[in-house]
Amino acid sequence: MNERITIKVTDLIGTPLCISAEDGQKVFEKTKQLILSGRKITISFENATMLISLFLNVAIGQLYESLSEEAIRTHLKVEGLSPDDMELLKRVVDNAKKYYSNKESYDDAWLKEEDDDDE
């Protein structure tokens, strides 16, 4: 049970293009389910040819809404990213931690901004 499970992103989503929210959601759901069951996992981006922040926001950033940073750090490892993509992932994680730590305040500010744009 302590064996690490590897999620090969390109196999799970069926494409080397990590660009859609829908595909990111598949990775998120699989990852969250495994972490909640106590499994240690590696998300492998091996063979991915394109990766955008939208995908990472949904696939990994969203984990910070329902899981503790400690649980994510303990159970999740990411591999197969270029240095640039690792930097992108770091920004996504930093933003997710900020957002989910004070979601209501961020949402209120966003709604206020939208209201100001409508005037």
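A short reminder: the numbers here are calculations on the coordinates, not readings from a lab. Remember, it's a predicted structure, so these values are computed and weren't measured experimentally. No Cβ is skipped: glycine too gets one built from the backbone with ideal geometry, and neighbour counts run over all protein chains shown.
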> So, in nm, how far is label residue 40 from label residue 82 when the simple model puts each one 7 Å beyond its Cα toward the Cβ?
Replying inline: 3.0
> For residue 78, which sequence-distant residues (separation of 5 or more, or a different chain) have an amide H within less than 5 Å of its own amide H, given hydrogens modelled in the peptide plane?
Replying inline: 43
>> List the residues, sorted by chain then number, that are 5 or more residues from residue 17 or on another chain and whose placed amide H is less than 5 Å from its amide H.
In response: 49
> residue 104 to residue 71: extension gain in nm, 0.36 nm per residue of separation minus the Cα-Cα distance?
Replying inline: 9.6 nm
>> Once you place label points 7 Å from the Cα toward the Cβ at residue 97 and residue 47, how far apart are they in nm?
In response: 3.2
> Helix 21-36 sits at what angle to the longest principal axis of the chain, using alpha carbons and giving 0 to 90 degrees rounded to 10?
Replying inline: 60
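Can you give the net charge of the other residues whose Cβ lies under 12 Å from the Cβ of residue 72, counting K and R as +1 and D and E as -1?
Details: positive: 32, 40, 73, 77, 97; negative: 65, 69, 70.
Residues near residue 72 contribute +2 overall.
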> What is the local net charge at residue 3, summed over the other residues whose Cβ is closer than 14 Å to its Cβ (Lys, Arg +1; Asp, Glu -1)?
Replying inline: +4
> Given H placed on each backbone N at 1.01 Å, which residues far from residue 5 in sequence or on other chains put an amide H within less than 5 Å of it?
Replying inline: 40, 41, 42
> Counting Lys and Arg as +1 and Asp and Glu as -1, what is the net charge of the other residues whose Cβ lies under 13 Å from the Cβ of residue 85?
Replying inline: -2
